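Worksheet for the structure shown next.
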Amino acid sequence: MCFVAESSEPHRGLVTFLGTGTSVGVPAIGCGCAVCQSNHPRNQRTRCAITVRLPGGTLLVDTPPDLRTQLIRERVRVVHAVLFTHEHADHIFGLDDLRLFPFRLGHAVPLYCNQTVEKHIRRSFAYAFLDRQETHPGATPRLEFRSIDDDPVQILGAKVVPIPMKHGPHFNVLGFRFGNFAYCTDTNEVPAESRRRLQGIETLVIGALRHEPHPTHFNLEQAIAVARDVGAKRTLLTHTGHQLDYEATNQELPEGVEMAYDGMQVEIDLQH
Ligand SMILES: [Zn+2]
Ligand SMILES: [Zn+2]
Ligand SMILES: [Zn+2]
């Protein structure tokens, strides 16, 4: 029945936040600060990823080191394709957890990324790309690269618009727009052309590390300024550090801006 419901409303999508924490996660290992010691579930933030339910299946954006526990927590049975923002360890090092999916899909898992990310994944996961025969099925992940650049691309029956951004002075990263929703993590500069691609957005997810400035991430103030500039109606902050307590931060954020949290879901309109 659920299959029928999905196909009768092909323009509807559903985003689930698998993780919303900065690169070391929250709590940080061994940290005694109030947020890391907090029992509040929304101060438990695993490394950043989302799933997006699209007409052709479930798309995973990034494969963080917490991927296995995240997919089990959200009861995701299969991922139909993966899309990558960039190659930092906190966004790719859960790649091996894709090993089960080729059995359920009947084929290799498609990985959509640009050539820079592909090069780093091939190097970091060399065992997955050896020419020799596997000792047994599933010994290594079966993966198939699908090259993307800065141009819009069709993935699982939906149009995905890359949002090129800077992540520090020497590093590029992609955000992605799906209809009236965009996911833009790990950035400290959104160029003018990319802001044009975000115009008219309903929900903008944007990375915001902490109050203080950082050389490769927006702080709260900078992230909110971008959201205002592109006219986002609702802004959700992700990749948040242990400096930000969920309740205290949400109370001081302006109208329409809030912290995302692990397990949060957002309905989106893919036709927008
Ligand atoms: Zn990151
Ligand atoms: Zn801490
Ligand atoms: Zn990063």
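The values are calculated or read from the model by the stated rules, or taken from the named source; none is laboratory data. Keep in mind that what you see is a predicted model, and the values were worked out from it rather than measured. Here Cβ is always computed from backbone atoms with ideal geometry, including for glycine, and neighbour counts include all displayed protein chains.
Key figures
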read-out	value
Strands (runs of 3 or more DSSP E) enclosed by segment 169-272 - at least 2 residues per element that are crowded, with 22+ Cβ neighbours inside 10 Å and within 17 Å of the chain's Cα centre (by Cα)	172-178, 181-184, 203-207, 234-238
Selection from segment 41-56 of residues that are among the β-branched types (Val, Ile, Thr) and away from ligand 2 (no atom under 16 Å from the Cβ)	Ile50, Thr51, Val52
Criterion violated by Phe101 - all others in (1) out of contact with any strand residue (DSSP E or B) (no Cβ under 8 Å at 6 or more places or on another chain); (2) free of Cβ contacts under 8 Å to residues at least 24 places away in the same chain; (3) more than 24 Å from Val205 (Cα to Cα) satisfied	(1)
Residue match in segment 105-119 (condition: closer than 25 Å to Gln265 by Cα, part of a loop (DSSP other than H, G, I, E, B) and at pLDDT 95 or above)	no
Filter pass, Asp90 being in a helix (DSSP H, G or I), surrounded by fewer than 18 Cβ atoms within 10 Å (Cβ to Cβ) and not small (Gly, Ala, Ser)	no
Those residues of segment 44-80 which are among the hydrophobic types (A, V, I, L, M, F, W, C) and either modelled with pLDDT under 95 or within 13 Å of the chain's Cα centre (by Cα) (or both), in sequence order	Cys48, Ala49, Ile50, Val52, Leu59, Leu60, Val61, Leu67
Residue list for segment 22-40, filter: touching a residue at least 60 places away in the same chain (Cβ under 8 Å) and either over 22 Å from Ala89 (Cα atoms) or within 8 Å of ligand 2 (Cβ to nearest atom) (or both)	Val26, Pro27, Ala28, Cys31, Cys33, Ala34, Val35, Cys36, Ser38, His40
Number of positions in segment 59-87 that are surrounded by 20 or more Cβ atoms within 10 Å (Cβ to Cβ) and part of a helix (DSSP H, G or I)	3
Unmet requirement for Arg146, which otherwise passes all of (1) over 16 Å from the mean Cα position of the chain (by Cα); (2) not in a strand (DSSP E or B)	(2)
Per-region count, segment 144-168, residues surrounded by 21 or more Cβ atoms within 10 Å (Cβ to Cβ) and polar (S, T, N, Q)	0
Residue within segment 237-251 that is within 16 Å of ligand 2 (Cβ to nearest atom) and of a type in the set (Asp, Glu) present	yes
Test set (1) out of contact with any strand residue (DSSP E or B) (no Cβ under 6 Å at 6 or more places or on another chain); (2) at pLDDT 95 or above - Gln133 fails condition number	(2)
